[in-house]
Amino acid sequence: MNSLKKFPDKFIADLKAIINPRDFVTDEEKIKPSLTDWVGYADGKSSLMLTPRNTEEVSGILKLCSNYKIPIVPQGGNTGSVAGAIPNGEIILNMTKMNSIREINPNDYTVTVDAGCILEKIHELAIESNRFFPLSIGSQGTCTIGGNISTNAGGISVLKYGNMRDLVLGLEVVLPNGEIWNGLRRLRKDNTGYALKHIFMGAEGTLGIITAACLRLFPEITEKATAFASLRNLDSCVDLLELLRTEGGDSLSSYELIPDIGLDIAITYGEEIIEPLSKRYQWNVIIEFSGTKNDGAAKLNLENTLNTAIENGIILDAIIANSLKQANSIWKIRKAIVEYQPRLGGEIKHDVAVPISNVPEFIKEANDAVRRVIPDIRPVAYGHIGDGNIHYNVCPPLEYDHVSFKEKTEEIHKAVYDIAFKFGGSFAAEHGVGVVKKNEMLRYKSETEINLMKLIKISIDPNQIMNPGKVLENKKY
């Protein structure tokens, strides 16, 4: 049994009066999975985890924590990549038991859900109502919608539908003092002052607890056409995107860059992945067209566009999936890169965004920069090129010492982020800041931006109990 001696007796007694005894967790083995994220960036510590079941319980918990100035860390599916939900001695507020569907309104194209609702469950509910929810990420079977909103998640469909903040109409939030703000509006237009919901989206739980959200739905997708194409060169990725947008319009839903090293990772280590083309080229893309009419138009449009791309010398070869199995095999390539890249001896990860037109220049300059740090280093640049978000990861040279490689992490980070910054880019495109990227916040954000963020933080959370040490340093501003 973990010790609770650090907490006042009255605080513990009052907590136990708020929630069910089963939701007051001190067992080390039950808490242990919440102390490390899937990336393995941090090993946290906590002696108490609370698992509330409704907004009123969250409100009571935060009011107590505020009164006693006891910090708390909100956590959903714990699928983040920057240690943003890992405690360092704080109480864990695990939201996964708040997983109800509050309302679905097909006519308004909305669904209102608790923050602990699993993303995949929302996908399934939308389909049952002949609707579509577009956020698609690798962890969708585990991640919660509250975490998706708190990190402003992106995924493979941002090109067409936008980030998480573009998919949220309204929020319910418990403030650090326990007050409940009910902003669960189904409105597309609401020009009545400050858009408060945007303060909490992307804030990584540092300003309050998102307890529910009203989400946008879209017409049901009944047809998808998936292709794998090899580019003439890296520069032609921009030319192909322009052609796909011109010819496909809103049909274009995904556009993912796949390098030859990424394809090799997938084919070598992945399961049920077939080499897409008879010849392998250095730069490739996965393309998806989708539509709401199951009439073959998406596939025909994609086929015609790819033929034009070949005629214009933009691509060298392409294949369009003729079955769901073949389409799944193509998409497994993208997923396998993320899962199996560490088998190349480790990885140093970057989640950057630059203007789309600068993607080729960024990758070339970043490759040169990291090779100046470690000759023969192996860059693996892949990802959501349709919105300028590149996952620029690097693996060590063959038989390179693992410890020596990790010692170069900060130097490589700076080399990559400096180039992204040069192109007007971001060092955190969709994974957030958390603990891992706080130094980059100070390096690349202007003093004005940092000061504005500090003002917002101290105004909403004067006792600084919310997810301390994440995004910003926990100081008295």
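The values are calculated or read from the model by the stated rules, or taken from the named source; none is laboratory data. The structure displayed is predicted, hence computed values, not measured ones. Neighbour counts run over all protein chains shown; Cβ positions are idealised from the backbone, glycine included.
Scan region 163-189 for residues that are among the β-branched types (Val, Ile, Thr) and either within 19 Å of the chain's Cα centre (by Cα) or at pLDDT below 95 (or both) and report the count. Reasoning before the result, please.
At the first step, the residues of region 163-189 found to be among the β-branched types (Val, Ile, Thr) are 168, 173-174, 180.
Among the residues that remain, those that are also either within 19 Å of the chain's Cα centre (by Cα) or at pLDDT below 95 (or both) are: 168.
Summing the residues that are among the β-branched types (Val, Ile, Thr) and either within 19 Å of the chain's Cα centre (by Cα) or at pLDDT below 95 (or both) in region 163-189 gives 1.
Answer with yes or no whether ALA266 is among the aliphatic types (A, V, I, L, M) and either in a helix (DSSP H, G or I) or surrounded by fewer than 24 Cβ atoms within 10 Å (Cβ to Cβ) (or both).
So ALA266 fits the description; yes.
Do you know which residues across region 375-386 are of a type outside the set (Val, Ile, Thr) and either within 17 Å of ALA420 (Cβ to Cβ) or in a loop (DSSP other than H, G, I, E, B) (or both)?
Within region 375-386, PRO375, ASP376, PRO379, ALA381, TYR382, GLY383, HIS384 meet the criteria.
What number goes with the only condition from (1) more than 30 Å from VAL436 (Cα to Cα); (2) buried (at least 24 other Cβ atoms within 10 Å of the Cβ); (3) polar (S, T, N, Q) that ASN233 does not pass?
(2)
Only one of these conditions is not met by ILE273: (1) crowded, with 19+ Cβ neighbours inside 10 Å; (2) within 22 Å of ASP235 (Cα to Cα); (3) within 29 Å of the chain's Cα centre (by Cα); (4) outside the structural domain of GLY424 (by TED's automatic domain parsing). Which number is it?
(2)
Would a scan of region 342-352 turn up a residue that is in a helix (DSSP H, G or I), surrounded by fewer than 23 Cβ atoms within 10 Å (Cβ to Cβ) and not aliphatic (A, V, I, L, M)?
yes
Quick check: is even one residue across region 402-410 crowded, with 20+ Cβ neighbours inside 10 Å, in contact with a strand residue (DSSP E or B) (Cβ under 7 Å, 6 or more places away or on another chain) and either in contact (Cβ under 8 Å) with a residue 24 or more places away in the chain or farther than 17 Å from LEU344 by Cβ (or both)?
Checking region 402-410: not a single residue is crowded, with 20+ Cβ neighbours inside 10 Å, in contact with a strand residue (DSSP E or B) (Cβ under 7 Å, 6 or more places away or on another chain) and either in contact (Cβ under 8 Å) with a residue 24 or more places away in the chain or farther than 17 Å from LEU344 by Cβ (or both).
Taking the residues in region 159-185 that are surrounded by 15 or more Cβ atoms within 10 Å (Cβ to Cβ) and in contact with an Asp or Glu (Cβ under 6 Å, 6 or more places away or on another chain) as candidates, determine which candidate is farthest from VAL433 (Cα to Cα).
Among those that are surrounded by 15 or more Cβ atoms within 10 Å (Cβ to Cβ) and in contact with an Asp or Glu (Cβ under 6 Å, 6 or more places away or on another chain), it is LEU184.
Could you go through region 218-237 and let me know if any residue there is outside any strand (DSSP E or B), among the aromatic types (Phe, Trp, Tyr) and at pLDDT 95 or above. Don't jump to the end; show me each part of the working.
In the first step, residues of region 218-237 are kept if they are outside any strand (DSSP E or B); the result is 220-222, 232-237.
With among the aromatic types (Phe, Trp, Tyr) added as a condition, the list becomes none.
No, region 218-237 contains no residue that is outside any strand (DSSP E or B), among the aromatic types (Phe, Trp, Tyr) and at pLDDT 95 or above.
Taking ASN393 as meeting all but one of (1) within 16 Å of SER357 (Cα to Cα); (2) under 19 Å from the mean Cα position of the chain (by Cα), write down the number of the exception.
So the condition that ASN393 fails would be (1).
Give me the residue from region 311-334 that is surrounded by 15 or more Cβ atoms within 10 Å (Cβ to Cβ) and part of a helix (DSSP H, G or I) and, out of that set, nearest to the chain's Cα centre (by Cα).
Looking at residues that are surrounded by 15 or more Cβ atoms within 10 Å (Cβ to Cβ) and part of a helix (DSSP H, G or I), I get ARG334.
Regarding GLY141, is this residue out of contact with any strand residue (DSSP E or B) (no Cβ under 6 Å at 6 or more places or on another chain), more than 14 Å from GLU430 (Cβ to Cβ) and surrounded by fewer than 18 Cβ atoms within 10 Å (Cβ to Cβ)?
Spelling it out, GLY141 is indeed out of contact with any strand residue (DSSP E or B) (no Cβ under 6 Å at 6 or more places or on another chain), more than 14 Å from GLU430 (Cβ to Cβ) and surrounded by fewer than 18 Cβ atoms within 10 Å (Cβ to Cβ).
How many residues are among the acidic types (Asp, Glu) and part of a loop (DSSP other than H, G, I, E, B) if we restrict to region 168-182?
Going through region 168-182 one residue at a time, the tally reaches 1.
I'm told ILE261 meets every condition in (1) within 18 Å of ASP387 (Cβ to Cβ); (2) touching a Cys at 6+ places or on another chain (Cβ under 9 Å); (3) surrounded by fewer than 21 Cβ atoms within 10 Å (Cβ to Cβ) except one. Can you identify the failing condition by its number?
Of everything listed in (1) within 18 Å of ASP387 (Cβ to Cβ); (2) touching a Cys at 6+ places or on another chain (Cβ under 9 Å); (3) surrounded by fewer than 21 Cβ atoms within 10 Å (Cβ to Cβ), ILE261 misses just condition (1).
So that you can scan it fast, the table gives a plain yes or no per residue for (1) out of contact with any Asp or Glu (no Cβ under 7 Å at 6 or more places or on another chain); (2) closer than 11 Å to LEU215 by Cβ:
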residue: PRO87; (1), (2): yes, no
residue: ILE92; (1), (2): yes, no
residue: ILE104; (1), (2): yes, yes
residue: CYS117; (1), (2): yes, yes
residue: GLU124; (1), (2): yes, no
residue: PHE132; (1), (2): no, no
residue: ILE137; (1), (2): yes, no
residue: ILE145; (1), (2): yes, yes
residue: SER150; (1), (2): no, no
